[in-house]
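**Q** Got a structure for you, questions after.
The values are calculated or read from the model by the stated rules, or taken from the named source; none is laboratory data. These numbers come from a predicted model, not from an experiment. Here Cβ is always computed from backbone atoms with ideal geometry, including for glycine, and neighbour counts include all displayed protein chains. Quick note on the areas: whole protein, heavy atoms, side chains included, nothing else; ligands and nucleic acids left out. Shrake-Rupley method; radii C 1.70, N 1.55, O 1.52, S 1.80 Å.
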Amino acid sequence: MAFVLAARQLACSPQQKLRLLVPGSRYISQAAAKVDVEFDYDAPLMKTEVPGPRSRELMKQLNIIQNAEAVHFFCNYEESRGNYLVDVDGNRMLDLYSQISSVPIGYSHPALVKVLQQPQNVSTFINRPALGILPPENFVERLQESLMSVAPKGMSQLITMACGSCSNENAFKTIFMWYRAPGCPDYSILSFMGAFHGRTLGCLATTHSKSIHKIDIPSFDWPIAPFPRLKYPLEEFVKENQQEEARCLEEVEDLIVKYRKKKKTVVGVIVEPIQSEGGDNHASDDFFRKLRDITRKHGCAFLVDEVQTGGGCTGKFWAHEHWDLDDPADLMTFSKKMMTGGFFHKEEFRPNAPYRIFNTWLGDPAKNLLLAEVINVIKREDLLDNAARAGKVLLTGLLDLQARYPQFISRVRGRGTFCSFDTPDESVRNKLILIARNKGVVLGGCGDKSIRFRPMLVFREHHAHLFLNIFSDILADFK
Ligand code: PSZ
C-alpha cells in the first residue's frame with residue numbers, strides 16, 4: 001500500500017496527491033496548496049540524495065581549508081524562493097529550520113529585491129560606516145522606521161551590534177556599568193541550566209546547552225539555576241508544573257543570596273522566553289512574571305534574550321510580550337530574524353560616557369534598511385497573525401501524530417510556529433531529520449532528542465499541511 005502511494009505521488013502534483021489519499025492511511029488535509037507569496041514554490045522536488053554529488057565535491061574542497069564537517073549541504077540561493085531552499089544538486093526542500101531561525105520573510109522576497117535595486121539605496125549597501133562615530137544623515141530615520149518601530153514596552157534606548165553573542169556580551173557589560181560600585185567587585189550574571197546565549201567568552205559563562213561548547217574553555221564562577229522541566233500539554237499538568245516552577249524560582253533566590261555572601265553579587269539575570277538550543281523548554285508566563293519580581297526584589301537587572309524567539313514567530317513580535325509584565329524587562333537582546341544584532345534597554349541603563357559600549361561597525365545600516373522593509377511586509381501581510389494560525393495547524397497536526405505514533409513522538413509543544421516534539425533518543429531523532437531531508441523537508445534538532453520547527457514568517461497553513469502529510473508517511477514507514 002505504502003509503495004503504491006509512493007509511486008503515485010511521484011507522478012502527480014500536491015493537489016492531485018491530496019485527492020488520491022486513502023482515508024486512515026496518512027494525515028488527511030483538505031488544504032489546497034495555494035501559493036500566496038510571489039515566487040514561492042508549491043512543493044518539494046527531490047533529484048538526488050542530500051547531500052548530492054555536487055555538495056559532496058564542494059564539501060571536500062572546503063574541508064581542505066577549514067574543518068567543514070558541520071556543513072549539511074551547499075545551497076543555491078539564487079534559486080531558493082519563499083519557504084523553499086534549493087541545493088546545488090537541484091533539490092528543492094521545504095525549509096522549516098530557516099538558517100537556524102534567522103530568515104524572516106523567506107528567501108529572495110521580492111520586496112527586499114526591490115529595496116536593493118533602488119538607486120538611492122546603493123550608497124547604503126556599499127559604504128559601511130563606523131556607526132558610533134560617523135553615522136549617515138538618515139541613520140536616525142532608518143532606526144525609527146526599523147528597530148524603534150518595534151521597541152519593546154519600557155525600553156526607549158537602542159544599541160545595534162553584529163550578532164547575537166556580541167549583543168549579549170555588551171548587554172552584560174551595560175549591566176555591570178549600571179550597577180557600578182567602586183573597586184570593580186567580582187559581579188556575576190545568573191543564567192539557567194539548558195540556556196544558550198552565545199559562544200563568546202562572556203556568553204559562554206551563561207551557555208549551558210551542550211558540554212562540547214565549554215570543554216577546554218576557562219569560564220567565570222557565575223550561578224546557574226535549574227530551568228523548569230515541564231510536562232506537556234501545559235494545560236493538562238498545571239499543578240505539577242506550578243510546583244516545578246516554584247522549585248526553580250526558590251533556587252534562583254537561594255543562589256542570589258549565596259553569591260552575595262560569596263562576594264560575587266548577582267547584578268543581572270539572563271533568560272530565554274523559550275530555551276531553544278537547550279531543547280525547546282517552555283515555562284509559564286507566570287514563571288517569568290515571578291522571575292521578574294525576584295530580580296526587582298534583589299536589585300538585579302532582568303535581561304531577556306530574544307535572539308531566537310524574537311521577530312514574530314511566536315505570534316507576537318517579541319515572545320516576552322506574552323508575559324504581560326507590569327514592570328517591563330530592563331534589557332532585551334535580538335539578532336537572527338532582525339537581520340542585525342543589538343539590544344534595547346531602559347533609560348537608566350544608558351552608559352554614562354561615550355565609547356563605553358562601542359566597536360568599529362556597531363551594526364550595519366544596510367541591514368536596517370532591509371529590516372524596515374521586512375517590518376512593512378510583516379504588517380502588510382499580517383504575518384504575526386499568520387504565525388499564530390499556521391502554528392495552530394502545525395501544533396494540532398503534531399498532537400494528532402503524537403496520538404497515532406506515541407512510540408516516536410512525545411512532549412509536543414509550541415507557541416506560534418515555534419513548535420517542537422521529543423523523539424525516543426538522539427539516534428532516532430537524527431534518523432528522522434535525515435529521512436525528512438531526503439523527502440524534501442529541512443528540520444532542526446535541539447536538546448538531546450528534540451526536533452524543532454523554525455519556519456519563516458511566510459510559512460502558511462497549507463505549508464503546515466504539506467509537512468504533516470510528508471511526515472505522517474515517514475512515520476508510517478519508520479522502524
Ligand atoms: O551552535 C551555535 O553556535 C548556535 S546554533 C543556534 C544558535 C547558535 N543560536 C544563537 C543564539 C541564540 O539562539 C540565543 C537564544 N541567544 C544567543 C545566540 C547567539 O547568537 P549568534 O549565533 O548570532 O552569536
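**Q** Inspect all residues belonging to region 173-182 and state whether any of them is of a type outside the set (A, V, I, L, M, F, W, C), modelled with pLDDT under 95, in a loop (DSSP other than H, G, I, E, B) and open to solvent by 20 Å² or more (accessible area, probe 1.4 Å).
**A** Scanning region 173-182 turns up at least one residue that is of a type outside the set (A, V, I, L, M, F, W, C), modelled with pLDDT under 95, in a loop (DSSP other than H, G, I, E, B) and open to solvent by 20 Å² or more (accessible area, probe 1.4 Å).
**Q** Got a number for residues in region 190-210 being open to solvent by 50 Å² or more (accessible area, probe 1.4 Å) and near the ligand (Cβ under 9 Å from one of its atoms)?
**A** So the answer is 3.
**Q** Of all residues in region 122-160, how many are in a helix (DSSP H, G or I) and over 20 Å from Ile378 (Cβ atoms)?
**A** Number satisfying all stated conditions: 7.
**Q** Something else: Go through the residues of region 371-386 one by one and say whether even a single one is more than 30 Å from Asn121 (Cβ to Cβ), open to solvent by 10 Å² or more (accessible area, probe 1.4 Å) and in contact with a helix residue (DSSP H, G or I) (Cβ under 7 Å, 6 or more places away or on another chain).
**A** Checking region 371-386: not a single residue is more than 30 Å from Asn121 (Cβ to Cβ), open to solvent by 10 Å² or more (accessible area, probe 1.4 Å) and in contact with a helix residue (DSSP H, G or I) (Cβ under 7 Å, 6 or more places away or on another chain).
**Q** Still on this structure: Going through Asp286, Asp221 one at a time, which residue ends up being assigned to a helix (DSSP H, G or I), in contact (Cβ under 8 Å) with a residue 12 or more places away in the chain and surrounded by fewer than 19 Cβ atoms within 10 Å (Cβ to Cβ)?
**A** That would be Asp286, the only listed residue that is assigned to a helix (DSSP H, G or I), in contact (Cβ under 8 Å) with a residue 12 or more places away in the chain and surrounded by fewer than 19 Cβ atoms within 10 Å (Cβ to Cβ).
**Q** Just to be sure, is Asn76 farther than 30 Å from Leu303 by Cβ, away from the ligand (no atom under 16 Å from the Cβ), of a type outside the set (Ser, Thr, Tyr) and open to solvent by less than 20 Å² (accessible area, probe 1.4 Å)?
**A** Considered against the rule, which asks whether it is farther than 30 Å from Leu303 by Cβ, away from the ligand (no atom under 16 Å from the Cβ), of a type outside the set (Ser, Thr, Tyr) and open to solvent by less than 20 Å² (accessible area, probe 1.4 Å), Asn76 comes out as no.
**Q** OK, next. Does Lys379 count as free of Cβ contacts under 8 Å to residues at least 12 places away in the same chain, under 30 Å from Pro129 (Cα atoms) and of a type outside the set (Val, Ile, Thr)?
**A** yes
**Q** If you don't mind, there's one more thing I want to ask. Here are some residues: Ser167, Ser146. Which one is under 21 Å from Ile375 (Cβ atoms) and away from the ligand (no atom under 16 Å from the Cβ)?
**A** The match here is Ser146.
**Q** Okay, next question. Are any residues in region 302-359 of a type in the set (Val, Ile, Thr) and either part of a strand (DSSP E or B) or open to solvent by 50 Å² or more (accessible area, probe 1.4 Å) (or both), and if so, which ones?
**A** The answer is Val304, Thr333.
**Q** Being of a type in the set (Asp, Glu), closer than 30 Å to Lys479 by Cβ and free of Cβ contacts under 8 Å to residues at least 40 places away in the same chain, is that true of even one residue in region 399-414?
**A** No, every residue in region 399-414 fails to be of a type in the set (Asp, Glu), closer than 30 Å to Lys479 by Cβ and free of Cβ contacts under 8 Å to residues at least 40 places away in the same chain.
**Q** Of the residues that make up region 79-93, is at least one at pLDDT below 95 and either under 26 Å from the mean Cα position of the chain (by Cα) or open to solvent by less than 50 Å² (accessible area, probe 1.4 Å) (or both)?
**A** Looking through region 79-93, none of the residues is at pLDDT below 95 and either under 26 Å from the mean Cα position of the chain (by Cα) or open to solvent by less than 50 Å² (accessible area, probe 1.4 Å) (or both).
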